[in-house]
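S.K.: Sharing a structure below in structure tokens format, with a few things to ask.
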Amino acid sequence: MRRKAKGEMTKEEENALKALVVLTSPEGVNHPYFDDVKDEIEIPFGVIGKVPTYPGCTGNNEMLKKCMAQGIAGFVGKEFNTKVASKEVTGKQKITVKFKINNKGIITNVKAKTTHPELRGEAIRVVKLLPTMLPGEHDGKKVAVEYALPIIFDLK
């Protein structure tokens, strides 16, 4: 393996720089670098041109956002097994889950934060089960979208 010379970029560094150029340039996703980094660029849910579409959802962007939030919440509520928590875990519990819906509509990069490891594992398991969606689009190009999901419930 060849050592890189001082000042040379790794492929990862080069792609990170290209992604930054795409996201900050006036051309946006129409920049010539977009095809090089389309699998790495993520657009936040709040600013995406057209949000990802949860199965069965239709309508304009605002309707799609609402339907998607309801679809995901309903799915998680149905699939989440609160019994994974130990008996010592009681009261109101909050889990923050962040994930990416990639440019093919598949859920990836699922991360969860909570004080209880068993609830974190269950949240990740359930979110990974979400159905494939129609990917989000920005300026007519399919892009990955970041999504944050708060899961709150009360354990008696």
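S.K.: Can you find, within region 1-37, the residue that is surrounded by the fewest Cβ atoms within 10 Å (Cβ to Cβ) among those that are in contact with a Lys or Arg (Cβ under 7 Å, 6 or more places away or on another chain) and in a loop (DSSP other than H, G, I, E, B)?
M.R.: Selected residue: Thr10.
S.K.: Now for a separate question. Looking at region 127-156, I want the residues that are of a type in the set (Gly, Ala, Ser) and have a partner that is at pLDDT below 90 with Cβ atoms under 6 Å, at least 6 apart or on another chain. Which pairs are those?
M.R.: Qualifying pairs under 6 Å: Gly136/Ile48; Ala144/Glu42.
S.K.: Collect the residues in region 42-87 that are β-branched (Val, Ile, Thr), surrounded by 18 or more Cβ atoms within 10 Å (Cβ to Cβ) and not in a helix (DSSP H, G or I), keeping them in residue-number order.
M.R.: Scanning region 42-87 gives Ile43, Ile48, Val51, Thr53.
S.K.: Against the definition (farther than 30 Å from Asp36 by Cα, in contact (Cβ under 8 Å) with a residue 24 or more places away in the chain and acidic (Asp, Glu)), how does Glu88 come out, yes or no?
M.R.: Answer is no for this residue.
S.K.: Continuing with the same structure: Name the residues in region 130-145 that are acidic (Asp, Glu) and in contact with a strand residue (DSSP E or B) (Cβ under 7 Å, 6 or more places away or on another chain), would you?
M.R.: As a first pass, look at region 130-145 and keep what is acidic (Asp, Glu): 137, 139.
Matches in region 130-145: Glu137 only.
S.K.: Okay, moving on. Check whether at least one residue in region 24-34 is touching a residue at least 12 places away in the same chain (Cβ under 8 Å) and under 17 Å from the mean Cα position of the chain (by Cα), and report yes or no.
M.R.: No, every residue in region 24-34 fails to be touching a residue at least 12 places away in the same chain (Cβ under 8 Å) and under 17 Å from the mean Cα position of the chain (by Cα).
The values are calculated or read from the model by the stated rules, or taken from the named source; none is laboratory data. The structure displayed is predicted, hence computed values, not measured ones. Counting neighbours? That spans all protein chains shown, and the Cβs are built from the backbone with ideal geometry, glycine included.
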